[in-house]
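The block underneath contains the structure these notes are about, expressed in structure tokens.
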Amino acid sequence: MFEPLGGGGEFSPRIREWDDMQAPFEIRLEKIEEIIEKYHGDREALLMILQDIADIHNYVPPEVVPLLVERLGVRPSLIYSVATFYKTISLEPRGKYVINVCTGTACHVRGADKIMEALKEKLGIDEGETTEDLKFTLEAVRCVGCCASGPVITVNRETHGGLDRSSALKIIESYEKEIS
Amino acid sequence: MATLKNSESLDRLRESLKERGERGARLVSLCAGSGCAAYGTGRVYRALKEELARQGMEGDVEVKLTGCHGFCEKGPIMVLHPEGFFYPQVKEEQIPEIVEKSIKGGELIESLVFKDPVTKKMIPYERDVPFYRLQQRIIFGNNGIIDPTNIEDYIAVGGYSALQRALFEMTPEEIIEEIKRSGLRGRGGGGFPTGIKWESCRRHEGERYVICNADEGDPGAYMDRSLLEGNPHSVVEGMIIGAVAIGSREGYVYVRHEYPLAVKNLTKALEAAEEYGLLGRDILGSGFDFEIRISRGGGAFVCGESTALMASLEGNPGRPRAKYVHTVARGFRQNPSNLNNVETWANVPVIINRGADWYASIGTENSKGTKIFSLVGKVVNTGLVEVPMGTSLRTIIYDIGGGIPKKKQFKAVQTGGPSGGCIPGQFLDLGVDFDELAKVGSMMGSGGMIVMDQDTCMVDVARYFLDFLKEESCGQCTPCREGIKQMLEILTNICEGHGKEGDISLLEELGGMVKKFSLCGLGTSAPNPVLTTIRYFRDEYEAHIRDKRCPAGVCKNLFHYEIDPDTCTGCRLCALKCPQGAISGEKKKPHKLDQDKCIKCGVCYDACKFGAVLIK
């Protein structure tokens, strides 16, 4: 669904307590300066700069936009345009663990939707949402290139293959234990 | 490592590496491709290292993490050299036995050996496994041998020798002529002759760019990922040769952010190539300068389209433009730009090394060489398969792929990703090449081959692809943005049991319109999955619309499960597995399914060993 960007209010982050991870939430501008420096302030690297910011904060806090505008010499509209066009960028806070259920064709014919259903039920959130406690974000990804091992999910950078309903639930439980 | 100053010093390095390799030391190669890694290569690797350390053998045994071997279904894969023992599906608890018997004693452990699922025969060596035996792995073969993070491994198997030829023995025109004569066509989907593309890019004045398309967006295809992860130098070498031929000083690889290992291994490869003097200024003392940069894509399918990819490289949203002016004339930064995909670049060194005549002897009249397919879905041996162009679907799916699991019926094979189509059983003897696939309404695409069986609903598959494309449409042009959305709405209605008479012809009409008037390749090919499924599986559409029934048991509103009292043995397996507690019955007596509790998750259907759970 297309939602026009007005006033910037839609993207103000909901600041919430986040266990010991990053609480209290703070944007580390010096880190972001470092990232911009790494790409020599090249505006062509905008997407990669946003990806690197997301690697630190798990999302791109809209508060960084003015800094990017200044350093890269681009308009804020371009930054929002790029950030909303590409799927790997989120302007809203995401969970400590981002679960991506692969819904590529190979995983689809092997029952990816059943895995998705089970995880939605387990976490009590819909696709694209984050749990209240900011522990998990549930997303669908169009193919992670592990097609032979489908159905596959990735949790942050780890890949789990050959899943069914119960093994997928077990994996989520193991991450839950890691947090608690 | 000191920079290689000239061609002779690279020759000398290669010779010394070969000598070292021939000493026949004990080597364990463990597949660390993404498929095997998903099955736990990391755990096996750690266990092996620990066990070797415990036994004080770290110095005597080299453990090499290689790229993808292709047989991803059986991961993690381990091969023991020098014997060549092949152990599939290795688990960490088997490591002590492997170290004790096979590594120390050189003995084959029969219980770990691969058994042919058809003949039940034991096959101790990788080369004899039917999955590999029928392949011709000229591009993919080195993946399982070399450590992708070690440039010397690649040099030892002849790596960068094609670059030496291109720099010191051939003129740019001769390189282009060689590629043209080889008949190489773009492996990314379009199948455009590579040599002709290079030639026309070279003709245009300006700062020319050489770009590698590694934005492998087709769901179900992952050969580019495996090549970049497992043999990145072959792609880098291909690009440098392309740059020599085209006359370019700067290259880019546009790779998906979702492929972290590919990015990592490629980054290492570029650093190493630069360190060795194979990239950068004055390559091997030839006076030729060339550098390659990496740009990470953001997970937009449309960025696989050339103009969209270049817009993305420039730091903009990846929206395509109309191609009145081709990218070879005005592409990246408004300069002449030559874009080829990963697999195409990996073909280049092979052609330069072994000659156009040899290469053109493989394949069919208009499609030369080999093609890597990702054979996935409902097939016994899933994985990456490299075969000569023209190999029949039957050979690929049945002889290499081992057929359909659980004795189910083959229904269709989907090729070409969201732009391709579904090919039914009557065309199984079709020789797969660019033209033959187009004739039956599908396309080569990047080589995804998704096998579907009787449990796959073709209407749902069409709906699935349109749902994908609706999300991925960039939204610029109306036919694609609105047309796909309307078609998806009709298909969703059909899948939910609200289909009406006339829906099929409306889909055909809309599909024809979207095909004709969309701006870029995404739109013009988007209706293919719908149109081919209507063409070959019209009866399934009709069953959904007229009888409100989904014969494959996928569309939840259009079927229910029943337990056949005559075949049910009362083993209780389904009752134990049912997450809703909807199945009841006494042991050894036919069970009953409570339709009110059933959520149609299919757990009982998959669990039953006697085929007693029926789709009604």
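What does the charge dipole of the stretch B:151-360 about its Cα centre add up to, to the nearest 20 debye, if the Cβ of each Lys and Arg holds +1 and the Cβ of each Asp and Glu holds -1?
740
Of all the accessible heavy-atom surface of chain B, with the other protein chains kept in place and a 1.4 Å probe, what percent is carbon and sulfur?
Ligands and nucleic acids excluded, carbon and sulfur reach 48 percent.
Can you list the residues of the stretch B:270-292 with backbone N under 12 Å from a point 7 Å past the Cα of B:Ser9, pointing along Cα to Cβ?
B:275-278, B:283-286, by backbone N distance to the label point.
Cross-link partners among lysines for B:Lys439, C-alpha distance below 21 Å, same-chain residues fewer than 8 apart left out?
Answer for B:Lys439, where 21 Å is the Cα cut-off: B:Lys368, B:Lys371, B:Lys411, B:Lys515, B:Lys516, listed by chain and number.
Considering the dipole of the stretch B:482-616 built from charges on the beta carbon (Lys and Arg +1, Asp and Glu -1) around the Cα centre, which of B:Met513, B:Pro590, B:Leu491 is farthest to its positive end?
The Cα lying farthest towards the positive end belongs to B:Pro590.
For the stretch B:96-122 and the stretch B:358-423, what is the separation of their Cα centres, given in Å?
29
Which value, in Å² and to the nearest 10, is the accessible area of B:Lys597 when all protein chains are kept and the probe is 1.4 Å?
Using a 1.4 Å probe on the heavy atoms, I get roughly 100 Å².
Using the Cα centre of the stretch B:370-453 as the reference point, and only Cβ charges (+1 on K/R, -1 on D/E), how large is the resulting charge dipole? Debye, rounded to the nearest 20.
Magnitude of the dipole: close to 420 debye.
What does the average come to when, for each residue of peptide A:97-106, you count the partner chain Cβ atoms lying within 10 Å of its Cβ?
Whole-number average of other-chain Cβ neighbours for A:97-106 is 5.
Using only Cα atoms, locate the centre of the stretch B:551-566 and the centre of the stretch B:281-323, then give the distance between them in Å, rounded to an integer.
Answer, in whole Å: 49.
Going by the alpha-carbon gyration tensor, a ≥ b ≥ c the square roots of its eigenvalues, is the protein assembly as shown rounded (a/c under 1.5) or, if a/c is not under 1.5, prolate (a/b greater than b/c) versus oblate?
Judged from the Cα gyration tensor, the protein assembly as shown comes out rounded (a/c under 1.5).
In terms of solvent-accessible area of protein heavy atoms at a 1.4 angstrom probe, what is the ranking of A:Cys143, B:Cys474, highest value first?
Accessible-area ranking of A:Cys143, B:Cys474, largest first: B:Cys474, A:Cys143.
Please work out how much length the chain gains when fully extended from B:Gln454 to B:Gln486, using 0.36 nm per residue of separation minus the C-alpha to C-alpha distance, in nm with one decimal.
8.7 nm
Looking at B:Ala162, B:Ala329, B:Ser182, which one has the Cα that reaches farthest to the positive end of the dipole of the stretch B:151-360 (charges on Cβ: Lys, Arg +1; Asp, Glu -1)?
With unit charges placed on the Cβ atoms, the residue in question is B:Ala329.
Out of B:Val302, B:Ala245, B:Ala575, whose Cα points farthest toward the positive end of the dipole of chain B (charges: +1 Lys, Arg; -1 Asp, Glu; placed on Cβ)?
Towards the positive end, the residue furthest out is B:Ala575.
Over the heavy atoms of A:Glu176, what accessible area does a 1.4 Å probe trace out, to the nearest 10 Å²?
The value for A:Glu176 is about 70 Å².
Counting heavy atoms of the protein chains only and a 1.4 Å probe, report the per residue accessible area for the protein assembly as shown as a whole number of Å².
41
Over the whole of B:39-50, what's the average partner chain Cβ count within 10 Å per residue? Rounded to a whole number, please.
The mean count of partner-chain Cβ atoms within 10 Å per residue comes to 1.
Checking the a/c ratio against 1.5 first, then a/b against b/c, what shape does the Cα gyration tensor give for chain B?
oblate
So, in nm, how far is label B:Glu365 from label B:Glu110 when the simple model puts each one 7 Å beyond its Cα toward the Cβ?
Spacing of the two 7 Å Cα→Cβ label points: 5.3 nm.
Which residues, if any, in the stretch B:282-297 lose at least 10 square angstrom of accessible heavy-atom surface (probe 1.4 Å) when the other protein chains sit next to their chain rather than the chain being alone?
So the qualifying set is B:Ile294, B:Ser295, B:Arg296.
Using only C-alpha positions, report the orientation-averaged shadow area of the convex hull of the stretch B:259-340, nm², one decimal.
Mean projected area for the stretch B:259-340: 6.4 nm², to one decimal.
How far is it, in nm, from the label point at B:Glu169 to the one at B:Met1 when both lie 7 Å from their Cα along the line to the Cβ?
In this crude label model, B:Glu169 to B:Met1 measures out at 2.3 nm.
For the stretch B:46-132, what is the convex hull volume of its Cα atoms per residue in Å³?
Normalising the Cα hull of the stretch B:46-132 by residue number yields 97 Å³.
Leaving ligands, DNA and RNA out of it, rank B:Thr370, B:Thr267, B:Thr478 by accessible area with a 1.4 Å probe, largest first.
Of B:Thr370, B:Thr267, B:Thr478, the descending order of accessible area is B:Thr478, B:Thr267, B:Thr370.
For the stretch A:83-180, place one equal point scatterer on every Cα, skip the solvent, and apply the Debye formula. What is log10 of I(q)/I(0) at q = 0.11, 0.12, 0.19 Å⁻¹?
-0.29, -0.34, -0.87
Over chain B, what is the percentage of antiparallel beta bridges among all DSSP beta bridges, to the nearest 5?
Of the beta bridges lying entirely in chain B, close to 55 percent run antiparallel.
Can you give the charge dipole size of the protein assembly as shown about its Cα centre, rounded to the nearest 20 debye, using +1 on the beta carbon of Lys and Arg and -1 on the beta carbon of Asp and Glu?
The calculated dipole for the protein assembly as shown is roughly 1700 debye.
Rank these by accessible area, largest first, 1.4 Å probe: B:Val113, A:Val69.
A:Val69, B:Val113
Over all distinct Cα pairs, what is the inverse of the mean 1/r for the stretch B:151-360, reported as the Kirkwood hydrodynamic radius in Å?
Mean inverse Cα-Cα distance, inverted, gives 16.8 Å.
Just read off the accessible area of B:Met443 with the full protein assembly in place, 1.4 Å probe, to the nearest 10 Å².
50
Once the mean 1/r over all distinct Cα pairs of the stretch B:458-547 is inverted, what Kirkwood radius in angstroms do you read off?
The answer is 12.7 Å.
Rounded to the nearest 100 Å², what is the buried accessible area between B and A, both sides summed, probe 1.4 Å?
By this definition, chains B and A bury close to 3800 Å².
What distance in nm separates the two pseudo spin-label positions at B:Asp539 and A:Lys122, each 7 Å out from Cα along the beta-carbon direction?
4.0
Percent of Cα-Cα pairs per 10 Å bin, from 0 to the last occupied bin, for the stretch B:134-259, please list those.
12, 38, 40, 10, 0
Using a 1.4 Å probe over the heavy atoms of the protein chains, calculate the carbon and sulfur portion of the accessible area of chain A as a whole percent.
For chain A, the apolar C and S fraction of the accessible surface comes to 49 percent.
Mind listing, in residue-number order, the residues in the stretch A:65-89 that have at least 10 Å² less accessible area with every protein chain present than in their own chain alone (1.4 Å probe)?
Flagged in the stretch A:65-89: A:Leu78, A:Ser81, A:Val82, A:Phe85, A:Tyr86, A:Lys87, A:Thr88.
Largest first and to the nearest Å, give the Cα extent of the stretch B:370-453 along each principal axis.
Largest first, the stretch B:370-453 extends 33, 22, 22 Å along its Cα principal axes.
Alpha carbon centre of the stretch A:126-156 versus the stretch B:499-531: separation in Å?
30
Name the lysines eligible as straight-distance cross-link partners of B:Lys592: C-alpha to C-alpha under 19 Å, and not fewer than 8 places from it in the same chain.
Within the straight-line limit of under 19 Å, B:Lys592 reaches these lysines: B:Lys577, B:Lys600, B:Lys609, B:Lys616.
Per-residue Cβ counts within 10 Å, from other chains only, averaged over B:304-317: what number is that?
Averaged over the peptide's residues, the number is 3.
Find how much the distance from A:Lys170 to A:Thr131 grows on full extension, using 0.36 nm per residue of separation minus their present alpha carbon separation; answer in nm with one decimal.
12.3 nm
The values are calculated or read from the model by the stated rules, or taken from the named source; none is laboratory data. Given the structure is predicted, the values throughout are model-derived calculations rather than measurements. Counting neighbours? That spans all protein chains shown, and the Cβs are built from the backbone with ideal geometry, glycine included. These area figures cover heavy atoms from the full protein model, side chains too; ligands, DNA and RNA do not enter into them. Shrake-Rupley method; radii C 1.70, N 1.55, O 1.52, S 1.80 Å.
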